[in-house]
Amino acid sequence: MKLLGTLDRYVLRQWLGTFVLSAIGVPVVATLIHLADMFGVLTKKGVSVHDILLGELFYLPYQITLLLPAAVLFATVFTLNALGRHSELTAVKAGGISFWRLILPMIVLATLVVPLNFAMQEVAATSSSKQKDLHRLRQSSVAALGRWDFAYTAPSGWTYAVDELQRQPGTMRRILITPPIDTIGSAQWTISADSAVWSASRQRWLLHSGAMYRVADSGASVETIRFRTLQLSHMVETPTAMLDEPRTGEELRLGEFRAYLEQLERSGTKLGMLAVDYRLKFALPVACLIVALFGAPLAVTNPRAGAALGLAIALGTTLVYLTGTQIMKAIGGKGYLDPTVAAWGMNGVFLVLAVILLARVRS
């Protein structure tokens, strides 16, 4: 059988049609459900209808990225299900064409979706950030000018307990600075100051009228050094950064995410859920290929089954995969499971099932 023959073109046409419809339609439905859930909440916050709808439009790329594996699965299952329902699958096998040769064009297309998903993640990172701004899901989006009685943990691991912070002119009052948890007990100092002023030229905070304290291991004595002004090399967070909420994994592009994690690791901060989110940026695109390998033999277990069975297989598999991924992510984020295992766990499960089903399929 020659490459891109009549059968290949027929299969590709059927697969691509279903894939495009699913890749757009399923995320649109998911976005509409999200809109219905959030509309009342956002209107109560004073967000205009224009911003709500525009924000949901920016939310769509993230949904497309998340559901691209489902689109691949839908395309694979429905294409093979239709071939079996109309006895075309039987005719293909009678013509001496193996099951492996039949699904080869679909596997090639599923492989090409992997880099497409990587590219969509980069787009979704930017659009998700805009969506959160439009929906006022951050403090900065409501133009917060100050913050009172709060604690802020810097990427360096140091924690600042602050009574008052003003964005303009960049001042803090009554600050207590404690070292990272992992360094407590070593030669580290706890620092208090009456006030601090942000220096735009130095990109540092300048502390005023305070003291540095170090308690001996026995707790019997306290070493104290008082100061009029003090500049700390690690205290580089701008007033805006301390007012704004940090971006989530879905808002970070791959390069930004990697640099952010490296900064946290250097400071001794536990990565938690972020470590799993970073690995999911690789695991989710690869799932596009794995679910195609899983869905192909599953779709031909009952060749004459109706479209309802194909829909049930696709929806059921998607639900199990997404739910399982969220469960593994939660376990990995708590530190009970290695982040790599948590991110790739469901891919591994479906790959094993795919190998078993492919070995049992009648070629």
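The values are calculated or read from the model by the stated rules, or taken from the named source; none is laboratory data. Predicted model, so just to flag it, every value in this text is computed and none were measured. Positions of Cβ are backbone-derived with ideal geometry, glycine not excepted, and every protein chain shown enters the neighbour counts.
Just a few scattered comments:
- Candidate set: region 146-161, residues that are in contact (Cβ under 8 Å) with a residue 40 or more places away in the chain and of a type in the set (A, V, I, L, M, F, W, C); chosen: the one surrounded by the most Cβ atoms within 10 Å (Cβ to Cβ): TRP158
- Filtered residues of region 79-112 (kept if surrounded by 15 or more Cβ atoms within 10 Å (Cβ to Cβ) and of a type in the set (Gly, Ala, Ser)): ALA82, GLY84, ALA110
- Candidate set: region 313-363, residues that are out of contact with any Lys or Arg (no Cβ under 9 Å at 6 or more places or on another chain) and of a type in the set (S, T, N, Q); chosen: the one nearest to VAL300 (Cα to Cα): THR317
- Qualifying residue in region 47-56 (condition: more than 21 Å from THR126 (Cα to Cα) and either part of a loop (DSSP other than H, G, I, E, B) or assigned by TED's automatic domain parsing to the domain that holds PRO115 (or both)): yes
- Inspection of region 66-76 finds a residue satisfying the criterion of being surrounded by 15 or more Cβ atoms within 10 Å (Cβ to Cβ), of a type outside the set (Gly, Ala, Ser) and more than 25 Å from the chain's Cα centre (by Cα).
- Of the residues making up region 43-53, one or more are over 24 Å from LEU280 (Cβ atoms), touching a Ser or Thr at 6+ places or on another chain (Cβ under 9 Å) and at pLDDT 90 or above.
- Qualifying residue in region 322-343 (condition: polar (S, T, N, Q) and either not assigned by TED's automatic domain parsing to the domain that holds LEU66 or not in a helix (DSSP H, G or I) (or both)): no
- Any chance TYR10 is over 22 Å from THR317 (Cα atoms), in a helix (DSSP H, G or I) and aromatic (Phe, Trp, Tyr): yes
- Top-ranked residue of region 65-91 - restricted to ones that are among the hydroxyl-bearing types (Ser, Thr, Tyr) and at pLDDT 80 or above, ranked as nearest to LEU284 (Cα to Cα): THR65
- Some residue of region 32-45 being more than 23 Å from the chain's Cα centre (by Cα), touching a residue at least 24 places away in the same chain (Cβ under 8 Å) and under 14 Å from LYS132 (Cα atoms): yes
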